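Nothing in this text is a laboratory measurement; each read-out follows from the coordinates by a stated rule. Being a predicted model, the structure only gives us computed values, none of them experimental. We place every Cβ from the backbone using ideal geometry, glycine too, and count neighbours over all the protein chains shown.
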Amino acid sequence: MARPAKATIDLNALRHNYQVAKELAGGGRVIAIVKADAYSHGAVSCAQVLSPVADGFAVSCMEEALELRTAGIENPILLLEGIFEASELALVDQFKLDMVVHSDYQVQALVNFNSVKPLRIWLKMDSGMGRAGFASAIYADVYKALSALPAVGEIVMMSHFARADEKNNALTQQQLETFQQATEGLQGDISLCNSAALMDVELARGHWNRPGLLIYGVSPFMDLHQRAKDLVPVMSLESKLISVKTVPQGSQVGYGGRWVTQRETRLGVVAMGYADGYPRHAKNGTPVLVNGVRVPLVGNVSMDMLTVDLTDLAEAAVGDNVELWGKNLSIAEVAQHADTIPYQLMCNLNRVPVEYVGLQTVFNEAETVESNK
Ligand SMILES: *Cc1c(COP(=O)(O)O)cnc(C)c1O
């Protein structure tokens, strides 16, 4: 029997969440962020399913962009960090990519470049995130310098929020004001929203919105957000119980003996470990679903296995289904128990086979709609 650990990716849920993002965006366009292999959901598979409806995709580097182009994706693709060296401009031009410009060396490269077609540039402002982007004080000057270049066509004015996942945070308001003041009088589309801002900051919605996490069906808000109920988690991490046994009170469990049984205990072993991307720092008590019922993780997570306390789930047996996160157990809750964020748990996914479901339904949607009439 094959090892039962696997990740299931529900492509119907992906399409559904994209539509939720479209509704949140009002009339605005929605760029699906598929960097880092679509947060481990598989960039090509996700882009193929979204391409009939998506206004565009965004990735972090040329390699990720070319992977999509090679797979036949023709939608706009945005390089979120732009080019890393001048030689990449020829590829930007050839493969019709959009690029962020956040630094002087990128402006310089454009000064010296003759493009076949003028490029669409996303000029990034550091409005308070304190990371990449031009300071608000010089933004208009860079905009004017860029717009004078033959290689530059449309300029989209963009910025990124640092704390939009904290409701009503003052910095978000401040970033908005900084952005609005610094772009006053400049022509062009605006792009500000990540998932959190799209869900929560109505004033920030723009011509182009850039949700990532919410496309994958997960809310970036730690507490329950009113709009989160419309999202359907796309990824489920699943496995099975491979051992169930009773150990006496006072038994040490796992590496380091971090957990010691307080009573005679039915101990379950799940084929899932940190080599699969399950967080080693998940604490005792992190919820795990066995046959849909919550049981606590106990002891240190090992490379290939983890242990759960099944004492209160008398009927649990070898071969029973385990969900580590997914539709019935929020990845955000698991992340909280491991002192991290759902983004990192997704990105750390590793080794497990990925199974796609729902694809057929997506491709047959038109027919289904017809036959339902
Ligand atoms: C990754 C990224 C996003 C998406 O962020 P989410 O929180 O996943 O919605 C949006 N904009 C930029 C510039 C990014 O790098």
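Quick notes on this one:
- Among the listed pairs Lys96/Lys117; Lys22/Lys167; Lys6/Lys240; Lys6/Lys245; Lys229/Lys327, those whose Cα-Cα separation exceeds 18 Å are Lys22/Lys167; Lys6/Lys245.
- Over all other residues within a Cβ to Cβ distance under 15 Å of Ala36, the charged ones net out to -3, with Lys and Arg as +1 and Asp and Glu as -1.
- Within-11-Å neighbourhood charge of Gly285 [Cβ basis; K, R +1; D, E -1]: +1
- 222 nm mean residue ellipticity, helices alone, for the chain (DSSP H n ≥ 4; -39,500 (n - 2.57); rounded to 500): -8000 deg cm²/dmol
- For the chain, the dipole from Cβ point charges (+1 on Lys and Arg, -1 on Asp and Glu) about the Cα centre works out to 600 debye, to the nearest 20.
- Taking other residues whose beta carbon is less than 13 angstrom from the beta carbon of Phe57, and scoring Lys, Arg as +1 and Asp, Glu as -1, yields -1.
- The slack between Gln173 and Ala140, meaning 0.36 nm per residue of separation minus the straight C-alpha distance, is 9.8 nm.
- Simple spin-label estimate for Arg258 and Ala71 in nanometres, 7 Å along Cα-Cβ: 3.4 nm
- Relative packing of 164-171, 152-159, 282-289, which averages over residues the other C-beta atoms within 10 Å, highest first: 152-159, 282-289, 164-171
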